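For reference, the structure discussed in these notes is given below.
The values are calculated or read from the model by the stated rules, or taken from the named source; none is laboratory data. What you see is a predicted model; the values in this text were computed from it and never measured. Quick reminder, even Gly has a Cβ in these numbers, built from the backbone with ideal geometry, and neighbours come from all protein chains shown. Note: accessible area is taken over every heavy atom of the protein model, side chains too, but ligands, DNA and RNA are not part of it. Shrake-Rupley method; radii C 1.70, N 1.55, O 1.52, S 1.80 Å.
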Amino acid sequence: MSDTLQLADDKAKKAQFEGNKLTKRLRHHVGDAINDFNMIEEGDRVMVCLSGGKDSYALLDILLGLQKSAPISFSIVAVNLDQKQPGFPEHVLPQYLESIGVEYRIIEEDTYSIVKRLIPEGKTTCSLCSRLRRGILYRVADELGATKVALGHHRDDMLHTLFLNMFYGGKLKAMPPKLVSDDGRHMVIRPLAYCREKDLERYAQLREFPIIPCNLCGSQPNLQRQVVKEMVNDWDKRFPGRVESMFRALQNVVPSHLADSKLFDFAGLKTGDSPFEGGDTAFDKEEFRDPVALASADDEDAATLAATPATPAAPARRTISILDSRPKADSQTGDSRGG
């Protein structure tokens, strides 16, 4: 009997240790992203878009935690758009948000009927649904005086978007961690940009968030995004480190070695007697880092390795030090490993 109790106690301690480690890792990733892209500044009012899914719950939870220890003052308001989907549990989010004591607003707009009326049965609804939802959220941001609109997209979402645009859109384009809306009035941020989806799934289980499924698109299993997601997940299983390497590529772009004449002045290239930065060296000798080393690195350092450019030194970066898990710039050299 004592052995059974000891085993149960050991398992509980291990689960607690792993949970603490996961929480710390996600907080570091969010803090790093906020610092790297200057996402949140003094006096900001951050509107966190809460869908009821694991990612937006985690985003709100982590930002609330960082808010307590941040050296700057910023406020948070959670916003949910009730799209009037049949069977949507309207009580879940208000009860949860009241229980944690956060300011919130529930917006009721029947976008479900609009999407079902305009999109033929069996066709993808995500594009129209997303546009309608985004327009409403921008309007609400104005009403609430929000200076930043925070979305729950993570690192995997960014990679999936990259491949979707390559495969189906003919563009080398992903989800940026920070961008301005097309009308120029709203700043959108993605603080989960460095977070892995599998970590967010575990975090949602650990925190026991009351997850609400999206029934509007749940009957569309063959979406292009789902196909790309399965492809990337398969690569992650069969080739450890590949996903980390792909994400690192998003942060290490070489315009002179692509083929966009609007991005790089190929027509104006001239030869000369002086060294040319970014010029061809021995017919572009490749330099590869071991992807397995990235995958097998300690979890707290994996994102740092993935985000660190291959160049010997990166330029110093501005930071508000919400929670940066990486070494700060050397005061003498200005060198930084933060990317």
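Below are the figures for this structure:
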| item | result |
| --- | --- |
| Looking only at region 21-54, and only at residues there that are open to solvent by less than 10 Å² (accessible area, probe 1.4 Å) and out of contact with any helix residue (DSSP H, G or I) (no Cβ under 9 Å at 6 or more places or on another chain), the one that is nearest to N80 (Cα to Cα) | A33 |
| Residues of region 89-107 satisfying the condition of being in contact (Cβ under 8 Å) with a residue 12 or more places away in the chain, under 26 Å from the mean Cα position of the chain (by Cα) and not in a helix (DSSP H, G or I) | V102, E103, Y104, R105, I106, I107 |
| Subset of region 98-124 that is among the aliphatic types (A, V, I, L, M) and open to solvent by 60 Å² or more (accessible area, probe 1.4 Å) - its residue that is modelled with the highest pLDDT | I100 |
| Verdict on Y57 being among the aromatic types (F, W, Y), open to solvent by 10 Å² or more (accessible area, probe 1.4 Å) and either free of Cβ contacts under 8 Å to residues at least 60 places away in the same chain or part of a helix (DSSP H, G or I) (or both) | no |
| S256 being surrounded by 12 or more Cβ atoms within 10 Å (Cβ to Cβ), over 20 Å from the mean Cα position of the chain (by Cα) and either assigned to a helix (DSSP H, G or I) or of a type in the set (A, V, I, L, M, F, W, C) (or both) | yes |
| Residue within region 208-216 that is at pLDDT 95 or above, within 14 Å of S56 (Cα to Cα) and aromatic (F, W, Y) present | yes |
| Number of positions in region 1-20 that are loosely packed, with under 15 Cβ neighbours inside 10 Å and under 26 Å from F209 (Cα atoms) | 12 |
| Selection from region 130-176 of residues that are touching a residue at least 40 places away in the same chain (Cβ under 8 Å), hydrophobic (A, V, I, L, M, F, W, C), open to solvent by less than 40 Å² (accessible area, probe 1.4 Å) and farther than 21 Å from A78 by Cα | M158, L159, L162, F163, L164, A174 |
